[in-house]
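Scroll down for the structure; my scribbles are underneath it.
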Amino acid sequence: MDRKKFMKDYFKKNTKGAEEFDQYQKEDHDRAVLRARNLFGIDMNEANELNPLVISYPEAFFEGGTVKFKYGKQADKVRYDQARVNVLLFGKNNLFYYSALVDYENALIANDYGLEVPYKHVVTIETSNDTVIEENAVHQRVLLNLAFVDGAEISVRLKDVLSKDSVKSDHVAIDDETLVLINDIRKLIRRKQ
């Protein structure tokens with residue numbers, strides 16, 4: 001089955017294929033990492049202080065577009081047909097930040113943006129954990145914000161957990177895996193400064 005037909009079928013109710021969707025998504029994320037490396041003109045050996053970090057969250061591929069969602073049966077994760085993909089590459093002396101929009105249905109990547117900054121120019125590292133309650137869903141967003149000596153900033157959404165459930169308390173903790181990631185990034189930046 002070709003990708004486009006699979007995606008149209010997959011986002012209909014009761015259509016199986018989570019593993020196949022995840023494979024298509026991984027292929028697109030791998031292409032995004034390659035595009036980031038090409039944009040910065042670096043190879044694998046120039047950005048291997050930590051594994052590349054690839055984060056995606058739902059965002060329409062074009063203005064006014066609609067994102068389709070599919071909740072996993074086991075509540076393993078939410079899948080969506082369009083996304084913002086952020087990539088962090090960790091070089092010996094520089095941090096590389098790349099962002100683009102991805103249309104998983106059509107295997108398209110657009111609106112590339114890249115920022116390269118020396119670690120020594122990072123002046124603050126801020127982490128925030130916000131819970132946003134909407135009418136039909138709850139978002140838990142974990143952000144890593146970096147500010148630089150020239151006043152520029154980037155905000156990297158490390159996690160966007162979307163749930164159909166309501167929040168039982170006013171606090172949703174950051175999961176252990178995300179905490180390890182945040183601490184690894186902080187330690188690397190401190191070491192490189």
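The values are calculated or read from the model by the stated rules, or taken from the named source; none is laboratory data. Keep in mind that what you see is a predicted model, and the values were worked out from it rather than measured. Counting neighbours? That spans all protein chains shown, and the Cβs are built from the backbone with ideal geometry, glycine included. To get the accessible areas, we keep the full protein, side chains included, count just its heavy atoms, and leave off ligands, DNA and RNA. Shrake-Rupley method; radii C 1.70, N 1.55, O 1.52, S 1.80 Å.
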Task: Hey, F11 more than 19 Å from the chain's Cα centre (by Cα) and open to solvent by less than 40 Å² (accessible area, probe 1.4 Å) or not - done: yes
Task: Check on V138, at pLDDT 90 or above and either of a type in the set (D, E, K, R) or surrounded by 14 or more Cβ atoms within 10 Å (Cβ to Cβ) (or both) - done: no
TODO: Filter segment 124-149 for residues that are hydrophobic (A, V, I, L, M, F, W, C) and farther than 12 Å from R186 by Cα and give the result.
DONE: V132, I133, A137, V138, V142, L143, A147, F148, V149
- [ ] Report the residue count in segment 105-147 for those that are more than 19 Å from L181 (Cβ to Cβ) and either of a type in the set (K, R) or not in a strand (DSSP E or B) (or both).
- [x] 9
